[in-house]
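The values are calculated or read from the model by the stated rules, or taken from the named source; none is laboratory data. All values reported here derive from a predicted model rather than from experimental measurement. Glycine also receives a Cβ, built like all others from the backbone with ideal geometry; neighbour counts cover every protein chain displayed. The accessibility values were calculated without ligands, DNA or RNA, using every heavy atom of the protein model including side chains. Shrake-Rupley method; radii C 1.70, N 1.55, O 1.52, S 1.80 Å.
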Amino acid sequence: MRKVTIQACADIALVKYWGKKDEVLRLPENGSFSMMLDGLTTTTSVEFDEKLLRDEVTIDGEKIHEEQKRVVQQLDRVRELAHVQLFARVTSQNSFPKSTGLSSSSSAFAALTVATTRAAGLMLTQKELSILARQGSGSACRCVCGGFVEWHDGETSETSFAETFLPAEHWDLRDIVAIISNDQKNISSSEAHQSAQTSPFFTTRVKKIPEKIANVKTAITEKNFPKLGEIVEAEALEFHSILLTSQPPLVMWYPGTVQVMYAVHALRKEGVLAYFTINTGFNIHVLTLPEFEQVVAEKLKNLDLVQKIITSKVGNEPKEL
Ligand code: PMV
């Protein structure tokens, strides 16, 4: 059996997935919409080997990790589909700090799913890959696709999958991540989802999502950046208001996160089009247009609480190396 190496992009959710209506199948409470990021990638090799006595998983150069169990469960799903009984050697490398709010599980489980199915001799459709990737990590179902991607929430496993709305070439946007810290989050988003419904504002949020996704799609189709930016920034704050009002409350921001928010607002006052969004963590994304990339990057790099920046263009679907 051949060794397969796949590189997948992480994404940034413009309308976020938050809360699960089925924990085991990872069916989301709401649909979501994201953009792939070519500067944040996971490269994963998978090889089934009859000499192995158990699965061997190495992530970012380290052998034993708490993610091991989830990786093995994903290997099991593929083994069952492909009727393969062998153990596998999995080696995975992230181009960015994992577990810091940059959705490393989205690219990781997308790369793992595509690499494992191919190594097991399966050739699945993108929809089948999306359904399988979703069971490893929800957001990973979007990262088997390229460009601007919608995840249909669905009522069953077969109807909950993602697809490309428009390809990366449609619109040259830039995403600049400001790294505030490399600390590992003290709660994974996988666990944090479980408290979503405890926020008194959660049902209101879920009701508004279909309209929000429709507006994001219109803004992207029309390439209307201020319209997109305003929706995305308001959505990030609304999402964090759910985290702040959940039981137990989840305060994700660090002082540097807030420093970046102020800087983005100051840039807009000067006519520079930039908008922020944040997932579950302290590191923060700033969306902008190519003509403003340099000025935004300079501004962020000069903030005393920003350690470094990572710039991305809109990314494509996973590729085999
Ligand atoms: O796929 P998970 O369990 O890592 O959850 C992702 C949650 C957010 O990043 C906050 C939102 C999203 O849609 O990516």
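Just a few scattered comments:
- If you wrap region 4-170 in the convex hull of its Cα atoms and look at it from every side, the mean projected area works out to 9.2 nm².
- Taking a ≥ b ≥ c as the square roots of the eigenvalues of the alpha-carbon gyration tensor, region 174-312 is classed oblate because a/c is 1.5 or more while a/b is no larger than b/c.
- Theoretical gain in end-to-end length, Thr156 to Leu25 [0.36 nm per residue, Cα-Cα removed]: 46.3 nm
- Three-way shape label, region 133-251, alpha-carbon gyration tensor, a/c 1.5: rounded
- Distance from region 114-181 to region 220-238 (C-alpha centre basis), Å: 21
- Set of lysines near Lys127 by C-alpha distance (under 19 Å), chain-local residues within fewer than 8 positions excluded: Lys319
- Rounded to the nearest 20, the Cβ-based charge dipole of region 4-170 about its Cα centre (Lys and Arg +1, Asp and Glu -1) stands at 220 debye.
- With both labels modelled 7 Å from their Cα along Cα-to-Cβ, the Lys308 to Thr125 distance reads 4.2 nm.
- One chain, two ends: Thr203 and Leu321. Fully extended at 0.36 nm per residue, the span grows by 38.2 nm beyond their Cα-Cα distance.
- Too-long pairs where the Cα-Cα distance tops 22 Å, listed order kept, from Lys21/Lys208; Lys16/Lys98; Lys98/Lys313; Lys20/Lys207; Lys16/Lys185; Lys212/Lys301: Lys212/Lys301
- Shape class of region 214-276 from the alpha-carbon gyration tensor: oblate, with a/c at 1.5 or above and b/c at least as large as a/b.
- Kyte-Doolittle at least -1.0, axis length at least 20 Å by Cα - qualifying DSSP helices, the chain: 68-82, 104-119, 202-222, 225-244, 255-269
- The chain - percent relative contact order, Cα under 8 Å, separation 6 or more: 25
- Antiparallel DSSP beta bridges within the chain, as percent of all bridges there, nearest 5: 90
- For the chain: accessible area per residue (Å², 1.4 Å): 42
- The chain - percent of accessible surface contributed by carbon and sulfur, probe 1.4 Å: 53
- The GluC sites (Glu not before Pro) of region 47-135 that meet both conditions, a loop assignment by DSSP and at most 16 other Cβ atoms within 10 Å of the site Cβ, are Glu50, Glu66.
- Under 19 Å from the Glu291 label point (7 Å along Cα→beta-carbon), backbone N, region 262-277: 267-275
- Separation of region 1-71 and region 79-102, taken as the distance between their Cα centroids, equals 6 angstrom.
- Within the straight-line cut-off of under 16 Å between alpha carbons, the aspartates and glutamates reachable from Lys308 are Asp175, Asp183, Glu293, Glu298, sequence neighbours fewer than 8 places apart in one chain being disregarded.
- You can think of it this way: the chain between Asp76 and Glu298 has 75.3 nm of extra reach, that is 0.36 nm per residue less the Cα-Cα gap.
- With 10 Å bins beginning at zero, the pair-distance distribution over Cα atoms of the chain amounts to 6, 28, 36, 22, 7, 1, 0 %.
- Longest site-free stretch - the chain; sites: trypsin sites (Lys or Arg not before Pro), DSSP loop, at most 12 other Cβ within 10 Å: 64-321
- Computed [θ] at 222 nm, deg cm²/dmol, the chain (DSSP H ≥ 4; -39,500 (n - 2.57); rounded to nearest 500): -11000 deg cm²/dmol
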